[in-house]
Ligand code: SF4
Ligand code: SF4
Ligand code: SF4
Ligand code: SF4
Ligand code: FES
């Protein structure tokens, strides 16, 4: 009985911890992104709120919370209100299966540093990332605005195209780890991370997650210059905030997935596993920001061509080759 | 070779941005640091006076016609002595883009720019300047032009009394 | 029909055309100052130089003077003519002052345009500039002579075209001066036209002084509402204030000019007392509520008291669409069809014009081309000013003008005046006198005769006689046309909408029957606009409800139990039919609302913001009626329906404001023809009520800009009649009429037919309204009492 209670307590603690860490990480990612981009453009970025602008996320939060929550007259009200929540929620849920450290020994118990170690964690991730698109699609549709609708349609087709490549690029990982459980996958990379073992899969996955996170150069669903704000044109206040935060959470989650699947998860010398994990995720986030600072947005047809005519065949080919090599090694 | 060029083109920006990250930003830290403005900087507009101290503006409506954002409105009126002046003159700085076209259109050099750019405020109505807010008591950047001394109409001098004018003709004179 | 080549384009023109006109046909504008369409060419400015390459006269020629010959080759862009025009512009500018910023012409100045077009941008001449002293030319025209370029357009307009005599050219060599011999107000009733023609800022509109620039004005093609001629105008407004009126161009009507009443009489739109708020029993209400109240009450009254209980009254001031919708509303309510004019005799005269005269109406253009014009009881300067200018053109073209009128008529041209009383004129028309035979002979010999009849004095009966005379004087070779002068801007339209054979339908009879419980006056005030205002005022007490729609501060609008503000003609699109049956559209110039000059009190506009314009409640009357009728307010749709319902309006929906208009007249066989002339009581005088030149029509009465020209009240007698009664000019006398007695100062005028007493209806004396039944009066010395 007490054991179960302790288990429950531990899970709750983990939940709260992870929740807090991810949310504040997302918040500060926004700040980091603005500052890094600013420096890349020879600016300072936000530096007025708190020392060095450290309180900027708080300021933003207050601003977003106090802004008018505006629903367009012709919008589908319920869907309109629901969509941002959906988008943030699916992003958060994904984290449940991600192992962020080696199992700990507390009170004589082995506590896995993952909220829920599903044995089909990978499928869960793929499933949820497909659901994530609903937030955007519903939001864009419910706004009843041409820009929002166009943004949503772009987002949908973009996600469908890149999810295929993403899914196919994980197949070699599964084949190499011989498991769908993410923990197992991490354990399989104790010696050499899969990124080195199978660089094509790593690259395809990397590109796909950039597309999945709707960031430059794949930010067509939002593309301010042509669609005003894309699917969230009509959103304001905290509802816009949810979309916004959802995106950055997504960035963390996708970074974590990349770490788990290809960079060996928490494994690394000298430092504790959790620290290694965070370092790797942050590095990937920096990479995301760096890409944003350096690349222009793709044209829509280029995006589609690239997805269907380059990435997908490459991913398929990679699956075949990996399979062949694995068979050959025995 | 285009492929090589493309690959190079895809990676070079990463290097450029990375390098820039370690350079010193060019941002001027206003308000602690004051910007150094060029001599002919265009900001808040004023209505100046002529060297005699009278209002220069003759309410000709040219500035309001020239203004691309239509932020000047005014009404002309006639004073006792025949001087044409602006009964009211309203400039909406909330709309002004400080392009300076009004000053270029002004035939009397009345409306001029100054370098005072610190106009921001929380109440847009405070940015709507009336004539009394715009009128200053100096000549601005153009110290020595007096429109009424160049025209044939008798406001500052009797008719025909300005430089370059001959006295009024006698219309009943039939001498050759 | 010679053909010539201008700038490599071939064009065939009519014989006698000039190169300038030929170029105009091709759409090539040759720079010019002194040429004007209505005034012709004088070759004074030398601006229109072109190069002739093939033709009798080769080289530089003035396009406005050069007649086209077959096979001519002309270029306008040849370096020689371009250079020449640049030099002309430069010498025009030698003496021109440096004052465009304070000049009202700036922005619509031909000199500015031509200087730029001529390529002259820098002054080379270092000599002194000539200056002039200006003249005060009265309340309408401001002069700034320094700007003159000696194009002579003003004199040609003022003297030659309009027949004014007190403005001309003086001086010699480079001192010529355009003005009066002595300062003083210009006397002509067409003085404003010199503002339009002066290509520079010498002559500008004083009432519009410094108000706006042309580019800031909202303008729309419009029609003058001040008399029945319907001249084309171009009113301009800014900041919700109607600031000026320019002459529009309608070759069929006014040509290029208008009269001063039309030009300076527009400030009624911004009258300070103009009612802008709907009122129900003195309490302000919204227009929506007011309309609801009106509809509800009208229905209720009709249900309880029958169809007679509600009387709708249209107007000759209201647009055609408004009057028609009023008829529709009456049909929907189930009350008797509305009366479309308060002034019954005028309405009946208009009906004769609309139905009996339909096939022989003459336009003003035809008047200008006529060779014999016979005026019966018309005083053009008072009743239809531009007709006088048209007559002058006829005379300048060799025409002859005969005037039969009791009044001392003045015209800006040569004419022969026979002072006959109204009864005598009617007898003359009925061909019962010797004079009639002479007249017939004259008419038979004329090539293009036009009979002009004044509806006010002749009445419906007189106009019918006129119609009969015209029919007889017409031959298979040429018609004898008639130009009737009517009461209001849309008298013809109101008449056209009314059934041709009305029953005994008179406003007063209906009101005095006592069955009317509610009177709805649509843009009309019978107190001022109908004869027997006193009788009308008496009937008002018997009404339960008096509903008034208007845009003028008329006395009736004060009495109204329910008042609904409507828009003035320049504030909404609409249409009028003028005296010769020409349907003309006008557009919206400004939006209704209190002018900024008022809301700001002369200073800057208020520093508060509202979502509605102050004083913008007035709505077009047709729109108000459409709301009463239900359905979408779409003027175009109304016009569509009208042209289906009334075949004589075919083409209404396609018409645009600003064109020549459309002849709309329903020809109906002449109806009954009997008329009994009243017997003149012994010792009495025929009472003539004539409109004053300014301030008689309600529009000009409420136009403060015209106030300086309003005439004082007075009575005019023939010296003989005065002597018989022992009256002296200058004394106050008592005028006894059926409608009451008045004390007025007496003037004697030998030009007035004996046996007549003449009073002017004006702001100073609004009691007697022109155009009533022929009436008689007694004039006696004032008995000293007090
Ligand atoms: S600076 Fe430009 S925008 Fe501002 S008032 Fe002048 S013309 Fe208008
Ligand atoms: S252009 Fe100059 S003179 Fe003319 S209205 Fe403007 S400020 Fe006044
Ligand atoms: S006053 Fe005007 S119209 Fe008359 S001559 Fe001079 S410029 Fe011409
Ligand atoms: S003649 Fe009559 S219609 Fe023409 S401008 Fe004068 S008042 Fe108006
Ligand atoms: S327009 Fe021909 S000379 Fe003036």
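Quick notes on this one:
- Hydrodynamic radius by Kirkwood, which averages 1/r over all alpha carbon pairs of segment C:162-264, in angstrom: 15.0 Å
- 0 to 90° range, to nearest 10: angle between helix C:434-445 axis and chain C longest Cα axis: 40 degrees
- Fewest-first sequence of A:117, C:205, C:505 by Cβ atoms within 10 Å of each Cβ: C:505, A:117, C:205
- Inter-label distance, residue C:780 to residue B:30: 9.0 nm, where each label sits 7 Å from its Cα along the C-beta direction.
- Antiparallel bridges, percent of DSSP beta bridges restricted to chain C (to nearest 5): 55 percent
- Relative contact order (%) - criterion: Cα under 8 Å, at least six apart; region: chain B: 23 percent
- Over the residues of chain B, the helix contribution to mean residue ellipticity at 222 nm works out to -5000 deg cm²/dmol, using -39500 (n - 2.57) for each DSSP H run of at least 4.
- Look at C:204, C:690 and count the other Cβ atoms within 10 Å of each Cβ; fewest to most, that gives C:204, C:690.
- Centroid-to-centroid separation of segment B:150-176 and segment C:332-369 [C-alpha atoms, Å]: 57 Å
- As a size descriptor, the averaged projected area of the C-alpha convex hull of the protein assembly as shown was calculated at 74.2 nm².
- Cα centroid separation, segment C:511-553 to segment C:442-477 (Å): 36 Å
- Residue by residue along C:99-112, Cβ atoms of other protein chains within 10 Å of the local Cβ number 4 on average.
- Its Cα gyration tensor gives segment B:45-149 an equivalent ellipsoid; the semi-axes, largest first and in whole Å, are 22, 15, 13.
- Rg [Å, one decimal], Dmax [Å, integer] - segment C:348-486, C-alpha atoms: 13.2, 36
- Rg/Rg_ref, chain A, where Rg_ref = 2.2 N^0.38 Å and atoms are Cα: 1.02
- Stretch gain in nm, segment residue B:122-residue B:7, where the contour uses 0.36 nm per residue and the Cα spacing is subtracted: 36.4 nm
- Zone residues, segment C:686-717, relative to residue C:754, backbone N less than 20 Å from point 7 Å out along Cα-to-Cβ: C:686-688, C:716-717
- The calculated P(r) of segment C:570-611, using every Cα pair and 10 Å bins from 0, goes 24, 30, 21, 16, 8, 0 in percent.
- Counting other Cβ atoms within 10 Å as a rough exposure proxy, the listed residues A:308, C:622, A:270 run A:270, A:308, C:622 from fewest neighbours to most.
- Here residue B:39 and residue C:87 are evaluated by their C-beta separation; at R0 = 45 Å the FRET efficiency comes out at 0.60.
- Calculated FRET efficiency for the pair residue B:98/residue B:78, C-beta based, R₀ 45 Å, to 0.05: 0.90
- The fraction of all Cα pairs in chain C landing in successive 10 Å bins from 0 to the largest distance is 3, 13, 22, 24, 20, 12, 5, 2, 0, given as whole percents.
- Average partner coverage of B:149-157, which counts Cβ from other chains inside 10 Å: 5
- Mean residue ellipticity (222 nm) of chain A, computed from DSSP H runs ≥ 4 via -39,500 (n - 2.57), nearest 500: -22500 deg cm²/dmol
- Cα-derived Rg to Rh of segment C:711-786, Kirkwood definition: 0.93
- Each 10 Å bin from zero holds the following percent of Cα-Cα pairs in segment B:95-176: 13, 31, 25, 15, 10, 4, 1, 0.
- Net length available on complete extension from residue C:172 to residue C:276 is 31.9 nm, with 0.36 nm assigned per residue and the Cα-Cα distance removed.
- Rounded to 10°, Cα long-axis angle of helix C:455-473 versus longest principal axis of chain C: 70 degrees
- Largest first and in whole Å, the equivalent-ellipsoid semi-axes of segment C:3-92 read 19, 15, 11, each the square root of five times a Cα gyration tensor eigenvalue.
- Helical content alone sets the calculated 222 nm signal of chain C at -7500 deg cm²/dmol, taking -39,500 (n - 2.57) per DSSP H segment of four or more residues and averaging over every residue.
- On Cα atoms only, tilt of B:2-20 relative to the major axis of chain B in degrees: 70 degrees
- For C:174-182, mean number of other protein chain Cβ atoms within 10 Å: 2
- Residues residue A:62 and residue A:282, FRET efficiency given R0 of 30 Å [Cβ-Cβ distance, rounded to 0.05]: 0.70
- Whole-Å distance, taken between Cα centres, linking segment C:192-209 and segment A:254-330: 81 Å
- Approximate shape of chain B as ellipsoid semi-axes (Cα gyration tensor, √5λ), whole Å, largest first: 51, 21, 16
- Relative contact order, percent, chain C [alpha-carbon distance under 8 Å, six or more residues apart]: 13 percent
- For the protein assembly as shown, share of DSSP beta bridges that run antiparallel, in % to the nearest 5: 60 percent
Computed from the coordinates by the stated procedures, all read-outs in this text should not be read as laboratory data. Note that this is a predicted model, so its numbers are computed, not measured. Here Cβ is always computed from backbone atoms with ideal geometry, including for glycine, and neighbour counts include all displayed protein chains.
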